[in-house]
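**Q** I am attaching a structure below and will ask some questions about it afterwards.
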Amino acid sequence: MFPKIYGLLCLIVPLVVIVYSNNKNEEAFLFASYLAGGEIFLRMIQGTLLYEIGKYGVMLFLVLGIIFGPFKQRFSVHYLFYILLLLLGIVFTQVPEGESLRTNIVFNLSGPIVLGVCALYFYYRPISKQDLMDALFFMLLPLFSMITYMYFRTPDLKEILFGGAALAETSGGFGPNQVAAAVGLGILIIAIFLLLKEKLTGYVYLDAFFLIYFIYRGLLTFSRGGIFTAAISLVFFAFFYIIYKKMSLQIIFKYVLIFGLFLVAIWVYTSNITGGMLDNRYTGKNAAGIQKKDITTGRVDILAYQFTNFFEHPLGIGVGNGKYERMKSQKRMTAASHNEVGRLVEEHGIIGFVLLLLLLIVPLFNFFKGNNFQKAFIIAFYMMWFLTINHSAMRVALPGFIYALSLIRITDIENELIDE
């Protein structure tokens, strides 16, 4: 009963606050951040009234923020066309008898449409550094709840049979792929706070402990995508932030050495707990230590099949039809696609390819206009989105929301861009 009440409050309270405050202090941004970060946790504890309520909530908060907010919105024609062109794919949609057309369309289009709505809100929107850090803090709060829940839901690690696949037992009983993506986001946010010397708890050592624990829990899921995504995004962020701060090589070496030692210690500890299976998992070996032919667990085969369909049907095969096409084929592969890039070009054809180029190019204009401080955030959000949709598609609001953050203009004080 409590999860449902909690899920309901996550919708009602923000709606009241956003309307009452007229979004004067970016309340829509803060609450959308919280819900985007907490959607997987809500699904995990069955706190959603509707399965896609997290996506609907994020869109609703931001639309209300646009309507009631004092900021004169600078709408992007790019993303209006993006949403309209996405809907064209519905024309070719056909589902087998007994399947729900509405469910099929919502499942495949809700994530990309969330991205479009979020992009409309954040396109070149001036966001102060403090508001951005507050929003990242709000996003992190439900991730702490999720990590705590995972701790209590995980059985004794000695009882778990670790192998060469991702584990629901160490992921709170939910999908390891999505859980690892959320944990990876938590790792990135905590690391950003530490790098910027912004204290989460008031104690830097406690913040460092939380970072270590998030990495540990992420490794235990045995789902690699979210962890690699966090690591790569963090490297890009650190690179531009180091340039911005003009750090000396001596300081850089000190930080890299300390972080490297902690990382090795976490890895060795986790590997020992899993009987060495963590090493096998990340080197693409099975439980017997034999190298797998495909370390992507079938994702490359699906992607190849999607591009084959694209070349055979350049106008697209229709929203959601990719799954049924693969089910009809004689090839042994997972029906559901985890790759949004492949899904776009397969199901939307040439239009999908154009939409993909639009999504890839527009944030880069914002990136090149910014200084190195702004570039650090923009490239981290951009990489987090792109890598996530390549291993976990857009099943939740999070990737689309993170993408939209790569479009903001970070300011020091209102409407004044941070200078070098």
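**Q** Considering 15, 9, 35, 30, which residue is of a type outside the set (Asp, Glu) and without any contact (Cβ under 8 Å) to a residue 40 or more places away in the chain? Spell out the reasoning first.
**A** Details: 15 fails: without any contact (Cβ under 8 Å) to a residue 40 or more places away in the chain; 35 fails: without any contact (Cβ under 8 Å) to a residue 40 or more places away in the chain; 30 fails: without any contact (Cβ under 8 Å) to a residue 40 or more places away in the chain.
So the residue among 15, 9, 35, 30 that is of a type outside the set (Asp, Glu) and without any contact (Cβ under 8 Å) to a residue 40 or more places away in the chain is 9.
**Q** Only one residue in 71, 81, 162 is in contact with a Lys or Arg (Cβ under 9 Å, 6 or more places away or on another chain) and over 30 Å from residue 200 (Cα atoms). Which one?
**A** Values: 71 fails: over 30 Å from residue 200 (Cα atoms); 81 fails: in contact with a Lys or Arg (Cβ under 9 Å, 6 or more places away or on another chain).
Of 71, 81, 162, the one residue that is in contact with a Lys or Arg (Cβ under 9 Å, 6 or more places away or on another chain) and over 30 Å from residue 200 (Cα atoms) is 162.
**Q** Restricting to the stretch 257-283, give me the number of residues that are surrounded by 13 or more Cβ atoms within 10 Å (Cβ to Cβ) and closer than 25 Å to residue 379 by Cβ.
**A** 4
**Q** Taking the condition of being assigned to a helix (DSSP H, G or I) and either farther than 11 Å from residue 135 by Cα or not small (Gly, Ala, Ser) (or both), how many residues in the stretch 20-35 meet it?
**A** At the first step, the residues of the stretch 20-35 found to be assigned to a helix (DSSP H, G or I) are 20-21, 27-35.
Now restrict to residues that are either farther than 11 Å from residue 135 by Cα or not small (Gly, Ala, Ser) (or both): 20-21, 27, 29-31, 34-35.
Total meeting the criteria: 8.
**Q** Sort out which residues of the stretch 265-292 are in contact with a Leu (Cβ under 6 Å, 6 or more places away or on another chain) and among the polar types (S, T, N, Q), and write them in order of number.
**A** Across the stretch 265-292, the qualifying residues are 270, 271.
**Q** Check whether at least one residue in the stretch 97-115 is within 22 Å of residue 358 (Cα to Cα), not in a helix (DSSP H, G or I) and not hydroxyl-bearing (Ser, Thr, Tyr), and report yes or no.
**A** So far as the stretch 97-115 goes, no, none of its residues is within 22 Å of residue 358 (Cα to Cα), not in a helix (DSSP H, G or I) and not hydroxyl-bearing (Ser, Thr, Tyr).
**Q** Still on this structure, please answer the following. Under 25 Å from residue 338 (Cβ atoms) and crowded, with 21+ Cβ neighbours inside 10 Å: is that true of residue 106 in this structure?
**A** Working: under 25 Å from residue 338 (Cβ atoms): yes; crowded, with 21+ Cβ neighbours inside 10 Å: no.
Against the criterion (under 25 Å from residue 338 (Cβ atoms) and crowded, with 21+ Cβ neighbours inside 10 Å), residue 106 does not qualify.
**Q** Still on this structure: In this structure, is residue 319 within 13 Å of the chain's Cα centre (by Cα), under 29 Å from residue 51 (Cα atoms) and either modelled with pLDDT of 95 or more or among the aliphatic types (A, V, I, L, M) (or both)? Let's see the steps before the verdict.
**A** Values: within 13 Å of the chain's Cα centre (by Cα): no; under 29 Å from residue 51 (Cα atoms): yes; either modelled with pLDDT of 95 or more or among the aliphatic types (A, V, I, L, M) (or both): yes.
Criteria not met by residue 319.
**Q** Let me ask something additional. Among the residues of the stretch 68-88, are any under 29 Å from residue 152 (Cα atoms), assigned to a helix (DSSP H, G or I), modelled with pLDDT of 90 or more and in contact with a helix residue (DSSP H, G or I) (Cβ under 6 Å, 6 or more places away or on another chain)? Give the derivation first.
**A** Of all residues in the stretch 68-88, those under 29 Å from residue 152 (Cα atoms) come to none.
No.
**Q** Being in contact with a Leu (Cβ under 8 Å, 6 or more places away or on another chain) and of a type outside the set (Val, Ile, Thr) is the filter; apply it to the stretch 12-28 and report the residue that is surrounded by the fewest Cβ atoms within 10 Å (Cβ to Cβ). Before you say what the answer is, go through the steps one by one.
**A** Start the filter on the stretch 12-28 by keeping residues that are in contact with a Leu (Cβ under 8 Å, 6 or more places away or on another chain), which leaves 14-15, 18-19, 23, 28.
Subsequent filtering for residues that are of a type outside the set (Val, Ile, Thr) retains 14-15, 23, 28.
On the way: 14: 22, 15: 15, 23: 24, 28: 27.
Ranking the qualifying residues of the stretch 12-28, first place goes to 15.
**Q** Evaluate the stretch 202-214: report whether one residue or more is part of a loop (DSSP other than H, G, I, E, B) and of a type outside the set (Phe, Trp, Tyr). Before the answer, list the steps.
**A** Here is the first cut: in the stretch 202-214, the ones part of a loop (DSSP other than H, G, I, E, B) are 202-203.
Then keep just the ones that are of a type outside the set (Phe, Trp, Tyr); that gives 202.
Within the stretch 202-214, one or more residues are part of a loop (DSSP other than H, G, I, E, B) and of a type outside the set (Phe, Trp, Tyr).
**Q** Still on this model: Can you report the number of residues in the stretch 116-131 which are assigned to a helix (DSSP H, G or I) and within 16 Å of residue 58 (Cβ to Cβ)?
**A** Here the count works out to 7.
**Q** Something else now. Return a yes/no flag: does the stretch 49-56 have any residue that is over 19 Å from the mean Cα position of the chain (by Cα) and in contact (Cβ under 8 Å) with a residue 40 or more places away in the chain. Steps first, answer last, please.
**A** Initially, the stretch 49-56 is screened for residues over 19 Å from the mean Cα position of the chain (by Cα), giving 49-50.
Now drop any that are not in contact (Cβ under 8 Å) with a residue 40 or more places away in the chain, which leaves 49.
So far as the stretch 49-56 goes, yes, one or more of its residues are over 19 Å from the mean Cα position of the chain (by Cα) and in contact (Cβ under 8 Å) with a residue 40 or more places away in the chain.
**Q** Find all pairs meeting these conditions: Cβ atoms under 7 angstrom apart; at least six residues apart or on different chains; first residue within the stretch 328-351 and polar (S, T, N, Q); second residue surrounded by fewer than 21 Cβ atoms within 10 Å (Cβ to Cβ) and at pLDDT 85 or above.
**A** 339/390
**Q** I'd like to verify a number: residues in the stretch 132-173 that are modelled with pLDDT of 90 or more, part of a loop (DSSP other than H, G, I, E, B) and under 16 Å from residue 46 (Cα atoms), how many?
**A** Of the residues in that region, 1 qualify.
**Q** Next up: From the list 66, 83, 113, pick out the single residue that is surrounded by 15 or more Cβ atoms within 10 Å (Cβ to Cβ), of a type in the set (Val, Ile, Thr) and under 19 Å from the mean Cα position of the chain (by Cα). Steps first, answer last, please.
**A** Details: 66 fails: under 19 Å from the mean Cα position of the chain (by Cα); 83 fails: under 19 Å from the mean Cα position of the chain (by Cα).
On inspection, the qualifying residue turns out to be 113.
**Q** For residues that are outside any helix (DSSP H, G or I) and within 11 Å of the chain's Cα centre (by Cα), scanning just the stretch 380-412, find the one that is surrounded by the most Cβ atoms within 10 Å (Cβ to Cβ).
**A** Going through the stretch 380-412, the residues outside any helix (DSSP H, G or I) turn out to be 392-397, 406-412.
Checking which are within 11 Å of the chain's Cα centre (by Cα) leaves us with 392-397.
Working: 392: 25, 393: 22, 394: 24, 395: 24, 396: 25, 397: 28.
The qualifying residue surrounded by the most Cβ atoms within 10 Å (Cβ to Cβ) is 397.
**Q** Of the numbered conditions (1) loosely packed, with under 13 Cβ neighbours inside 10 Å; (2) modelled with pLDDT of 75 or more; (3) not hydrophobic (A, V, I, L, M, F, W, C), residue 313 satisfies every one except a single condition; which is it?
**A** Going through (1) loosely packed, with under 13 Cβ neighbours inside 10 Å; (2) modelled with pLDDT of 75 or more; (3) not hydrophobic (A, V, I, L, M, F, W, C) one by one, residue 313 breaks only (1).
**Q** If you don't mind, another one. Quick check on the stretch 361-375. Is at least one of its residues touching a Ser or Thr at 6+ places or on another chain (Cβ under 6 Å) and within 17 Å of residue 187 (Cα to Cα)?
**A** Pass one, the stretch 361-375, residues touching a Ser or Thr at 6+ places or on another chain (Cβ under 6 Å): 363.
Still in the running and within 17 Å of residue 187 (Cα to Cα): none.
So far as the stretch 361-375 goes, no, none of its residues is touching a Ser or Thr at 6+ places or on another chain (Cβ under 6 Å) and within 17 Å of residue 187 (Cα to Cα).
**Q** Can I ask one more? All but one of (1) without any contact (Cβ under 8 Å) to a residue 60 or more places away in the chain; (2) β-branched (Val, Ile, Thr); (3) touching an Asp or Glu at 6+ places or on another chain (Cβ under 8 Å); (4) within 17 Å of residue 30 (Cα to Cα) hold for residue 127; state the number of the condition that does not hold.
**A** For residue 127, the exception is condition (1).
The values are calculated or read from the model by the stated rules, or taken from the named source; none is laboratory data. What you see is a predicted model, and the numbers here were worked out from it, not measured in a lab. Using ideal geometry, Cβ is built from the backbone for each residue, glycine included, and neighbour counts are taken over all protein chains shown.
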